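The values are calculated or read from the model by the stated rules, or taken from the named source; none is laboratory data. All of these numbers come straight from a predicted model, not from anything done at the bench. Cβ placement follows ideal geometry from the backbone for every residue including glycine, while neighbour counts extend to all protein chains displayed.
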Amino acid sequence: MVVREKETGAASSSRDGIPARIVLAGFRATGKSAVGGRLAARLQYRFIDTDDELCARMKSSVAEFVRRRGWPAFRKMEQALLVELAGTEGVVIATGGGAILHQDAWRALRKGSLVVWLRAGAATIRQRLEADVASAVQRPSLTGIDPGREIEEVLAAREPLYRLGSDVVIETEHRTPEDIAAEIEQLCFCAPEG
């Protein structure tokens, strides 16, 4: 785990100084949804998976929506959702892997949040995606190139954004979602008040 000084300061909820929002960032298949659900239960917060929320609003899977309308239309909806979520409290938010691309919306979401980057290496991400039967439906190709090369290239491009847009980095390789959720829970009680 790597902890950085907060750029924006975490606003506390009214409950025990816990940040108002915990935002999980990271590439596809790093455990954001699995960890987020467990963390929300531990904190008695509401859990929001932005991809699931977008699917409900689009009335389709991400892959189907992207096939019909393209990535730019999806990203526009994703950005609007991030801005909307910046006004929520008492939530754990698992963001889509590309949510970090919306820098203005990300800054708004980050205010009052503890942002945790869940990180894994390219080989681990590929292995997880190949093992997940739902990946093809929920996680369409971003570039149309070989999946291994796509992971390496997109991950390399996004890592600087994840690094700058997060307060804490947690390695997820060889760890269970429950273990990671417990670690983040401990961080929530230690987060500085803004």
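Residue-wise test of (1) at pLDDT below 95; (2) closer than 26 Å to E153 by Cα.
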{"site": "R28", "(1), (2)": "yes, yes"}
{"site": "A34", "(1), (2)": "no, yes"}
{"site": "E78", "(1), (2)": "no, yes"}
{"site": "L82", "(1), (2)": "no, yes"}
{"site": "G97", "(1), (2)": "yes, yes"}
{"site": "A105", "(1), (2)": "no, yes"}
{"site": "L114", "(1), (2)": "no, no"}
From the list L54, L39, exactly one residue is crowded, with 20+ Cβ neighbours inside 10 Å, modelled with pLDDT of 95 or more and of a type in the set (A, V, I, L, M). Which is it?
L39
Checking G17 against (1) touching a residue at least 60 places away in the same chain (Cβ under 8 Å); (2) more than 24 Å from V154 (Cα to Cα); (3) small (G, A, S); (4) buried (at least 17 other Cβ atoms within 10 Å of the Cβ), only one condition comes out false. Which one?
(4)
